[in-house]
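The values are calculated or read from the model by the stated rules, or taken from the named source; none is laboratory data. Quantities reported herein were computed from a predicted structural model and do not represent experimental measurements. Here the Cβ positions follow ideal geometry from the backbone for every residue, glycine too, while neighbour counts run over all protein chains shown. Keep in mind that these areas ignore ligands, DNA and RNA; they rest on the heavy atoms of the full protein, side chains included. Shrake-Rupley method; radii C 1.70, N 1.55, O 1.52, S 1.80 Å.
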Amino acid sequence: MERLHRRTVLRGGAAALGAAAVSPLVGTAAPALAGPAGFPTYQYIGTPFVKSELIYNPTNELIFPCVRGVYDKISNYRARYYLYYAPHDGEGGICLAYGNSLAGQFTEYPANPIVRNVWSPHHSVPHVSSPHVFWHAASRRFHLYFHGNNAQTRLAVSTDGITFTYDRLVLSTADVPGLSETSYARVFDHTIAGRGSRYVMVYMGAMGGRRDIFWGWSADARNWQFAQTPLINAENDGETDISGPHVLKRNGTTYVVYHGGSGRMYLTEVGNDFDREVHLGVFHTPRGNAPDNGRSAAPAFGTDGGVQYMFYEAGRRSATTIAVARAI
């Protein structure tokens, strides 16, 4: 792999490696670097598959990865890790790939997409996209949250992570008056005793020509209540649009990482009760060359063998792919 030049980020730096596909790194390890709030710096190591070789790739634009370890949750799994992703436009479709290492190659599920934009009698929409899969331990089922269309977020459930049953609409613009989009939702285990909730949802909401991060809470991950004002305001990062939020916990508190229209990822502390908005600056800076080409977005995180990885959406609109970075 070719080592590229280092870029400076907040209280640290992001080094980059060029690779056509993910493989274990060899040679001298780079020194550990601290990101905001002590989070690690992530270094690009490659892509989990070759996009041009995919069977299902209707738009050549893949977004919103979500990686889940399934080996400790179900039997008869196809591999230790399932990677969910989707085309962005066209009819979209929720897709699956699987692999035994977060730093290795993933195999495309041959019958993609596992969820289509037409699912009679539940919905018939121009496209479905942005899959987030969450292990609901109480029911021992996988919850799949996805948008279709941009004003609605839906839920489907599964016992094997592949075959899903439609459940319900969980979020729409009607839940927060004034919003024109409610998309790119992710759900996490997180108890807020004062609200009687065990789960939180973070998502992108569009209002008045800008996109901010909004949130909701739930006791069962199916029925939700939603805050009526943004959790994180884009203008505080010098952005007009922010999206692709992911909840992270560290230092006894809670953070949200997300991307902005500039192509950078940002970090904001929201606190354990989601009652704070402390902007901490740049979490990750994209590479200037492929596959990032100045834009990294929609991060999702996993740990394999004690090593932390970040899967993310890389590249400019109309040519995005899924990429992988490793904590250094």
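Data for the structure
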item: Three-way shape label, the range 162-271, alpha-carbon gyration tensor, a/c 1.5; result: oblate
item: Residue-by-residue Karplus 3J(HN,Hα) for the range 270-284, coefficients 6.51, -1.76, 1.60, Hz, glycine and proline x; result: 10, x, 5, 9, 6, 10, 10, 8, 10, 6, 10, x, 6, 8, 8
item: Cα-based shape type of the range 234-309, given that a ≥ b ≥ c are square roots of the gyration tensor eigenvalues and the cut on a/c is 1.5; result: oblate
item: Using distinct alpha-carbon pairs, which all enter the 1/r mean, Kirkwood radius of the range 195-328 in Å; result: 15.5
item: Accessible area of the chain belonging to carbon and sulfur atoms, whole % at 1.4 Å probe; result: 47
item: Accessible area of residue 166 in the full protein assembly, 1.4 Å probe (Å², nearest 10); result: 40
item: Dipole magnitude of the chain about its Cα centre (Cβ charges: Lys, Arg +1; Asp, Glu -1), debye to nearest 20; result: 540
item: Filtered trypsin sites (Lys or Arg not before Pro), the range 143-211: DSSP coil and at most 12 other beta carbons within 10 Å; result: none
item: Listed residues 297, 55, 99: farthest to the positive end of the dipole of the chain (Cβ charges); result: 99
item: Quotient of C-alpha Rg and 2.2 N^0.38 Å, computed over the chain; result: 0.93
item: Taking the chain and dividing mean pair separation by its residue count, relative contact order in percent (alpha carbons under 8 Å, at least six apart); result: 16
item: Dipole in debye (nearest 20) - the range 133-213, about Cα centre, beta carbon charges: Lys, Arg +1; Asp, Glu -1; result: 120
item: Alpha-carbon centroid distance for the pair the range 160-236 / the range 87-104, whole angstrom; result: 23
item: Three-way shape label, the range 64-204, alpha-carbon gyration tensor, a/c 1.5; result: oblate
item: Whole-angstrom gap from the range 34-82 to the range 292-328, using each part's C-alpha centre; result: 8
item: Residue 251-residue 289 FRET efficiency (beta carbon distance; Förster radius 51 Å; 0.05 resolution); result: 0.95
item: FRET efficiency estimate (nearest 0.05) - Cβ-Cβ, residue 72 to residue 111, R0 30 angstrom; result: 0.75
item: Accessible area expressed per residue, the range 187-323, with surrounding protein chains retained (probe 1.4 Å, Å²); result: 36
item: Antiparallel DSSP beta bridges within the chain, percent to nearest 5; result: 95
item: Tail fraction, Cα-Cα pairs, the range 47-110, threshold 13 Å, whole percent; result: 61
